[in-house]
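Below is one structure, written out as structure tokens, with a few remarks after it.
The values are calculated or read from the model by the stated rules, or taken from the named source; none is laboratory data. In this text the structure is predicted, and so the values were computed from the model without any measurement. Cβ sites come from the backbone with ideal geometry, for glycine too, and all protein chains shown count toward neighbours. We work out accessible area using only protein heavy atoms, side chains counted, and drop any ligands, DNA or RNA first. Shrake-Rupley method; radii C 1.70, N 1.55, O 1.52, S 1.80 Å.
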Amino acid sequence: MSPRLALASIVVLVLLGIGLPGHAQVSETPSLELPPALGERDPIWAFLVNVGWFVPFERDSICPANADCIYNGGLNVRLGVERRWASGLSFGVGYDASVVDSQTVYELGVLQALTVVGKYVFFDETNVHPFLSLGAGPALFGDTFTADTYGGVVDVTGGVELELTHAFRLVVAIPWRILVLREFTTAQDDVRRSTSGGNTAFAVEVGAVILEGP
């Protein structure tokens with residue numbers, strides 16, 4: 001072997017064994033940071049607003065026989081804030097006010113409720129999210145945001161959230177409400193009401209959910 005060929009062979013072996021620094025950096029495979037697993041994501045805040053129309057189903061307690069009924073259905077507005085976890089569970093508080101058709105007894109009957117709500121949202125991996133929720137809390141009922149009586153409500157709600165963007169969803173919900181009020185007398189007609197049992201109603205609501213950004 002000639003000295004020139006031997007020298008060239010040695011140089012090639014050295015380069016293959018040691019490698020050039022620049023080429024070593026290029027050949028390195030960049031590391032990819034995967035998103036956190038579903039159960040590892042941080043909880044987020046959700047803000048809700050719904051409007052709807054409710055229809056009483058059972059109202060003999062608040063509307064006794066031979067008296068004008070003060071619970072004939074009406075418009076309701078619901079506001080809420082929730083803390084949502086990646087598992088689908090959420091807990092929050094809500095406030096709602098219902099403007100009630102009360103015939104001539106009240107100028108403007110108003111039912112107000114403050115509820116603590118637990119919810120489960122299904123199918124996080126799709127754009128359509130069915131949900132079930134249960135809420136309960138105190139309530140006030142009277143003429144034009146006054147309180148002629150007080151009591152409590154229980155709301156069982158089913159519905160669906162339609163995801164338009166990461167942070168915005170449309171909501172369709174059907175709440176079923178149980179309303180129990182303390183016995184009281186409406187001064188306008190001197191009728192004793194809520195002497196026994198409770199009242200029920202269902203509603204159809206539409207609204208929106210705004211989610212906290214990542």
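Worth pointing out:
- Exposure of Asp101 as accessible area (Å², to 10), given a probe of 1.4 Å and all protein chains: 80
- Magnitude of the charge dipole for the range 53-196, about its Cα centre and with charges confined to Cβ atoms of Lys, Arg (+1) and Asp, Glu (-1), is about 400 debye.
- One Cα centroid belongs to the range 174-214, the other to the range 89-115; the line between them spans 6 Å.
- Amide H partners (placed H, <5 Å) of Ala136, local residues excluded: Val116, Asp155
- Largest to smallest accessible area among Glu161, Glu183, Glu107 [probe 1.4 Å]: Glu107, Glu183, Glu161
- Per-residue accessible area (protein heavy atoms, 1.4 Å probe) orders Trp53, Trp176 as Trp53, Trp176, starting from the largest.
- Using a probe of 1.4 Å, the accessible surface attributed to Val172 totals some 70 Å² when neighbouring protein chains are kept in position.
- The listed residues Tyr71, Tyr95, once ranked by accessible area (1.4 Å probe) with the largest placed first, stand as Tyr95, Tyr71.
- Amide H contacts of Gly109 (H built 1.01 Å from N, under 5 Å, at least 5 apart or other chain): Val100, Ser102, Thr144
- Evaluating kT/(6 pi eta Rh) at 37 °C and 0.692 mPa s, with the Kirkwood radius of the range 83-214 over Cα pairs in the Stokes-Einstein relation, gives 200 µm² s⁻¹.
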